[in-house]
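The values are calculated or read from the model by the stated rules, or taken from the named source; none is laboratory data. The shown structure was predicted, so the numbers you read here are calculated from the model rather than taken from an experiment. Here Cβ is always computed from backbone atoms with ideal geometry, including for glycine, and neighbour counts include all displayed protein chains. For accessibility, only protein heavy atoms count, side chains too; no ligands or nucleic acids. Shrake-Rupley method; radii C 1.70, N 1.55, O 1.52, S 1.80 Å.
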Amino acid sequence: MARLLLLSTPVGAIGSGLGGGVELTLTNIARSLIALNHSVTVVAPEGSALEDIPLIQIPGHLQITAQSQGRDALVTLPPNSVLGKMWDYARHNQSDYDVIINFAYDWLPFYLTPFFDCAIAHLVSMGSLTDAMDHIIEQVASSFPTTIAVHSLAQAETFRFKDACFNLKNGFDLTQYQFNPTPKHQLAWVGRIAPEKGLEDAVAAIEKARIPLKIWGVIQDESYWQSIQANYPDAAIEYCGFLPTQDLQKALGESQALLMTPRWVEAFGNVAIEALACGVPVIAYRRGGPAEIVKDGKTGWLVEPDSIEGLVSAIAKLDHIDRAMCRQDAELEYSLSAMGNRLEIWLDRIVQSRNSSFGCA
Ligand code: HBI
């Protein structure tokens, strides 16, 4: 039994939706570690909510999102930085833990790693975005080679230190997702409504395919959302808000398919698993994490990236996909226990290499 301290993303409270996929990822990792009889404590910005998992809420100014910066963005910390205060807490309490797991895609936790006595594991939540982050993660990857985990090989490929990355993939509490064998005549799109997620392609495709599209997620970029509505006035789209998992999975299950149209290298694509778990096939660009999740022709269709025509022809072939196969595939490698096995391997390697390095000191 190990004592684990999980430090969340500083861009939003857990449950706000601003933290994007990492909110669900952290919760699922905490649950699968607890199921393995480890003790888990989570540190996150105040306003966070986590049922039945010990949570330390930290006040302070949220960090700006890394994907809204340019490649040469400077490392910045706002005054009264919640990230700084979260790592102050970690520093003062590190002797109570065996491993600290960092979920922030920020410079500070990586810079602080060699200054801590406690082992620090880093789950990198996105592909390469800025030079500053690439350099500091690479430094940790070379000094502490077992400690960097990613969600997909495609994500690792975006970094020079790809061979030092452990592929954790992701895992979900599949008991929260109900299989739905009988969808309505509609497609689904789920995610932060922001340019890197490429919603406009999904809208263009369903306008041609003449099928309604339901959209769930936080509207992170209002002007982007407005421009989509202005550019596709005839598309049958309906914005259905940002729903908690329980409600989202019920609504998602009613769709004939989920469309995934990322512009960037999506590190993983949590919603792909959430869809498969409900029996919903996934039509995705052959790009990033979703291309490693979707089994072309079996659990959905992989499409030439940025090809609207490709999306339209995949929509026309949806009846080839068996919805029961989608659910089965999710259970095969994306359950909490499947991820738990991968977590054990990752954390064991970190503790082993930590002990051996102590041994040789
Ligand atoms: N940006 N600076 C910063 N730090 C994060 O932890 C972060 C982010 N942008 C997005 C994000 N985390 C999450 O949405 C990940 O799930 C992608």
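What to note about this one:
- Considering the stretch 290-340, the residues that are of a type in the set (Val, Ile, Thr) and assigned to a helix (DSSP H, G or I) include one that is least open to solvent (accessible area, probe 1.4 Å), namely Ile293.
- Among the residues of the stretch 79-100, those that are within 16 Å of Ala119 (Cα to Cα) and either in contact with a helix residue (DSSP H, G or I) (Cβ under 9 Å, 6 or more places away or on another chain) or buried (at least 19 other Cβ atoms within 10 Å of the Cβ) (or both) comprise Trp87, Ala90, Arg91, Tyr97, Asp98, Val99, Ile100.
- Residue match in the stretch 48-63 (condition: open to solvent by 10 Å² or more (accessible area, probe 1.4 Å), near the ligand (Cβ under 10 Å from one of its atoms) and over 15 Å from the mean Cα position of the chain (by Cα)): yes
- Unmet requirement for Asn28, which otherwise passes all of (1) outside any loop (DSSP other than H, G, I, E, B); (2) more than 14 Å from the ligand (Cβ to nearest atom); (3) not hydroxyl-bearing (Ser, Thr, Tyr): (2)
- Residue match in the stretch 26-33 (condition: closer than 27 Å to Val351 by Cβ, open to solvent by 10 Å² or more (accessible area, probe 1.4 Å) and within 17 Å of the chain's Cα centre (by Cα)): yes
- All of (1) open to solvent by less than 10 Å² (accessible area, probe 1.4 Å); (2) over 16 Å from Leu6 (Cβ atoms) hold for Gln69 with one exception: (1).
- In the set Thr158, Thr146, Thr130, only one residue is within 14 Å of the ligand (Cβ to nearest atom), assigned by TED's automatic domain parsing to the domain that holds Ile64 and in contact with a Lys or Arg (Cβ under 9 Å, 6 or more places away or on another chain); that residue is Thr130.
- Of note, Thr146 satisfies the criterion of being part of a loop (DSSP other than H, G, I, E, B), over 20 Å from Thr65 (Cα atoms) and of a type in the set (Val, Ile, Thr).
- Residues that are in a loop (DSSP other than H, G, I, E, B) and among the hydrophobic types (A, V, I, L, M, F, W, C), drawn from the stretch 47-65: Ala49, Leu50, Ile53, Leu62, Ile64
- For the stretch 158-265, the helices (runs of 4 or more DSSP H) that sit wholly inside it and include 1 or more residues that are touching a Phe, Trp or Tyr at 6+ places or on another chain (Cβ under 7 Å) are 199-209, 245-252.
- Qualifying residues in the stretch 1-20 (those that are open to solvent by 20 Å² or more (accessible area, probe 1.4 Å) and in contact with a Ser or Thr (Cβ under 7 Å, 6 or more places away or on another chain)) - the one farthest from the ligand (Cβ to nearest atom): Met1
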